[in-house]
Every structure is written in C-alpha cells, then in structure tokens.
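Student: Here's a structure for you.
The values are calculated or read from the model by the stated rules, or taken from the named source; none is laboratory data. None of the values given here were measured: they were computed from a predicted structure. A quick note on method: Cβ atoms are made from the backbone with ideal geometry, for glycine too, and the neighbour counts reach across all protein chains shown.
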Amino acid sequence: SLASSGRTVLSVKEAVQVAQNNNFMGLICSSRLLDLAPALIEAIKTASLVLISDVSGSKDRSAAFGPRGVPEGVDGTVKGNGVLHFNDSVDM
C-alpha cells in the first residue's frame with residue numbers, strides 16, 4: 001500500500017479547467033515546469049487565473065528561473081517553508 005501525500009497529478013490543461021469550473025483564484029506550478037515551457041504562463045493567464053510559481057524544489061532559489069528572474073506573468077512565489085509571496089500587483 002502506498003501512502004498518499006494528498007497531491008494529485010493533473011495536466012496543466014486539466015488543472016486550468018478544474019480551477020475555472022470551481023471558481024478557484026489560480027494555480028501553483030513548479031518553477032522548473034514554467035522555465036521549461038514558458039508558453040504555459042500565457043495559457044494560464046489567458047484563463048484569468050493567478051499564477052504562483054513553486055520554487056520549493058529548487059536547490060538554489062535565486063536561480064529558480066535562471067538569470068532572467070521570475071518570468072513576466074507570474075504573480076508570486078511559494079518557497080519550501082510554505083510562505084507565499086505575491087508580487088507588488090496581481091494582473092488578472
């Protein structure tokens with residue numbers, strides 16, 4: 001038997017649909033995923049959702065997005081200690 005951590009894996013497309021159908025404010029996505037597929041940012045923002053980048057898995061939090069810093073369109077970050085930090089403004 002496997003212990004559940006309470007997390008479920010969904011595609012980003014499915015997660016956006018669930019968020020929209022349930023009037024969620026937004027999504028939290030891995031910083032690595034957003035760095036590998038920057039088009040996801042625009043797809044999520046087009047759905048009028050807030051986008052938070054999870055940098056908790058990044059060994060070097062300052063390099064979570066490489067030298068560019070946090071990409072445009074990302075509204076905030078959540079770190080390993082669970083602290084959510086929003087940018088100065090949230091664009092919806």
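Student: Taking the stretch 9-59, which residues are surrounded by fewer than 13 Cβ atoms within 10 Å (Cβ to Cβ), at pLDDT below 90 and either basic (Lys, Arg) or touching a strand residue (DSSP E or B) at 6+ places or on another chain (Cβ under 7 Å) (or both)?
Tutor: Scanning the stretch 9-59 gives Gly57, Lys59.
Student: When you look at Ser62, is it at pLDDT below 95 and under 11 Å from the mean Cα position of the chain (by Cα), yes or no?
Tutor: no
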